[in-house]
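Worksheet: one structure, shown below.
Derivation of every value follows stated rules applied to the coordinates shown; laboratory data play no part. Just so you know, these numbers come straight off a predicted model, no measurement behind them. For neighbour counting, all protein chains shown are included, and Cβ atoms are generated from backbone atoms with ideal geometry for every residue, glycine included.
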Amino acid sequence: APVQKSLLSFFKPK
Amino acid sequence: MLEARLQTGALLKKVLEAIKELITDANFDCSDNGIALQAMDNSHVALVALLLRHDGFEPYRCDRSLALGVNLVSLSKVLRCAGNDDIITLKADDTADVLSLTFENTDNDRISEYELKLMDIDSEHLGIPDTTYEAVVQMSSAEFARICKDLQVLSDSVQIDVTKEGVKFGAKGELGSGAVTLKQNGNVDKEEEATLIELQQNVSLNFSLKYLVNFTKATPLASRVSLSMSSEVPLLVEYKMEAGYIRYYLAPKIGE
């Protein structure tokens, strides 16, 4: 089954 | 200091209803531009970005940028003390240790005043890259809410497939499977109900329904919603308001 990704793997802290 | 008077106080009540279950504490970043908020949920799967532009308030004054750290459950409790037709005024001084809220009824013969203690919140803002999405679906917000709620009966996840013919929401679970397809129908009489698709490329993505259902708490804020998608990037769900927006980003579920 597909695995939930973290948003932090797409958006980086400024 | 901040002074922001909102003719339609109900808007603020609805905004809080739309975010308070996803995030507990957040900074309201006040500047010339208006009041903004960016916060992630605790599990780092979803993010809310809110903007209430200055021109939605009358008057709006903010001489210096301020971060007002708010417990959203507490704020929404205080806002429940405001009538739906009340005018709401928010005030904070530069020390930002309390947020003053004044609720005036339309006859202007009942004025209530509350003060909410503020807190220091260490929040880091995330940089959201500019994205040209492969598929953008604009549809009725009520329809989107219904589909998410209906499919939650079947599964924790939804697969969204967008082609130029339409958008298909499908779910599979232990009790069976289900799918709802909306055909692109730009010519329908009721513009508010039309499903419109801008497509560079077909997309097929999986998302958690629990989060999507949570996002649909913003349905009372806008009759339309847009879903912006590209392969293997977070989904953007946007509700546009007259003077601002509420945007939710949701990380996809990706197969092995």
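What is the dipole size for the range B:89-175, taken about its Cα centre, with +1 at each Lys and Arg Cβ and -1 at each Asp and Glu Cβ, in debye to the nearest 20?
So the dipole magnitude of the range B:89-175 works out to roughly 660 debye.
Can you bin the range B:97-204 into rounded, prolate or oblate? Criterion: square roots of the alpha carbon gyration tensor eigenvalues sorted a ≥ b ≥ c, rounded for a/c under 1.5, prolate for a/b above b/c, oblate for the rest.
Prolate is the answer for the range B:97-204, as a/c is 1.5 or above and a/b outweighs b/c.
For the pair B:Asp55 and B:Asp189, how long in nm is the line joining their label points, each one 7 Å along Cα→Cβ?
Distance between the two pseudo-spin positions: 3.4 nm.
Could you work out the relative contact order of chain B? I mean the mean sequence separation of Cα pairs under 8 Å and 6+ apart, divided by the number of residues, in percent.
Relative contact order of chain B: 20 percent.
To the nearest whole number, what is the average tally of beta carbon atoms from other chains within 10 Å of the beta carbons of peptide B:40-48?
Shielding by partners across B:40-48 averages 3.
Would you kindly state how much longer the chain becomes between B:Asp107 and B:Gln138 on full extension, computed as 0.36 nm times their sequence separation minus their alpha carbon distance, in nm to one decimal?
So the chain would gain 7.3 nm between B:Asp107 and B:Gln138.
Would you calculate the convex hull of the Cα atoms in chain B and tell me its volume per residue in Å³?
144
Projecting each Cα onto the charge dipole of the protein assembly as shown (Lys/Arg +1, Asp/Glu -1 at the beta carbon, about the Cα centre), which of B:Leu50, B:Ala82, B:Tyr211 comes out farthest on the positive side?
Value: B:Tyr211.
How much of the pair distance distribution for the protein assembly as shown lies past 29 Å, counting alpha-carbon pairs only, in percent?
Beyond 29 Å sits 36 percent of the P(r) for the protein assembly as shown.
Using the structure shown, list the pairs from B:Lys164/B:Lys253; B:Lys117/B:Lys149; B:Lys14/B:Lys164 with a Cα-Cα distance above 27 Å, or answer none.
In this structure, B:Lys117/B:Lys149; B:Lys14/B:Lys164 exceed 27 Å between Cα atoms.
Across the residues of B:206-217, average count of Cβ atoms on other protein chains within 10 Å?
1
What is the Cα radius of gyration of the range B:28-164 over 2.2 N^0.38 Å, N being its residue count?
For the range B:28-164, the normalised Cα radius of gyration is 1.34.
On average, how many beta carbons from a partner chain sit within 10 Å of the beta carbon of a residue in B:127-133?
Per residue, the number of nearby Cβ atoms from other chains is 2 on average.
Please compute P(r) over all alpha-carbon pairs of the range B:130-256, binned at 5 Å starting from zero, and give each bin as a whole-number percent.
Cα pair-distance distribution for the range B:130-256, in percent: 2, 11, 21, 25, 23, 12, 4, 1, 0.
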